[in-house]
1. Only one of (1) aliphatic (A, V, I, L, M); (2) in a helix (DSSP H, G or I); (3) open to solvent by 90 Å² or more (accessible area, probe 1.4 Å) fails for LEU48. Which number is that?
2. Within the stretch 16-45, work out how many residues are open to solvent by 50 Å² or more (accessible area, probe 1.4 Å) and closer than 30 Å to GLU85 by Cα.
Amino acid sequence: MGYMQEARENHVKKKVEEALRSKMKQKALKECDEYTSKYALCAAGKTLSIVWQCRKQAKELNDCLHQFTNDAVLEEMKKEYMLQENHRGSARV
C-alpha cells in the first residue's frame, strides 16, 4: 500500500471517528435530558454561585453523560460501523 493511499485511509478513519464521537455525544445529551434540565433550572439567574449551588445537579449530569460517552461505548460504535461497512461491501459484490 502506497503512502498516499494509507494517508487517505487514515483521514477517512479520522473523519468516521469524529462522526461517531459526535453521534455518541448527541445520544448522551438525549438520554440525559432530564439531568440537563435540572442543571439548567439550577443555573438560571446565577453566575459564579453555580459552582457550589448546582454541584449536585452537575455531578448527576456528568455521571449520566459518562455512561454514554466513554471509550467502551465508542469502541462498540466502531464495531457496529465496521460490521455495517463489511455488510455493504459484501452486498456490492
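1. So the condition that LEU48 fails would be (2).
2. Number of matching residues: 12.
The values are calculated or read from the model by the stated rules, or taken from the named source; none is laboratory data. In this text, all values refer to a predicted model and were calculated from it rather than measured experimentally. Accessible surface areas use protein heavy atoms only, side chains included; no ligands, DNA or RNA. Shrake-Rupley method; radii C 1.70, N 1.55, O 1.52, S 1.80 Å.
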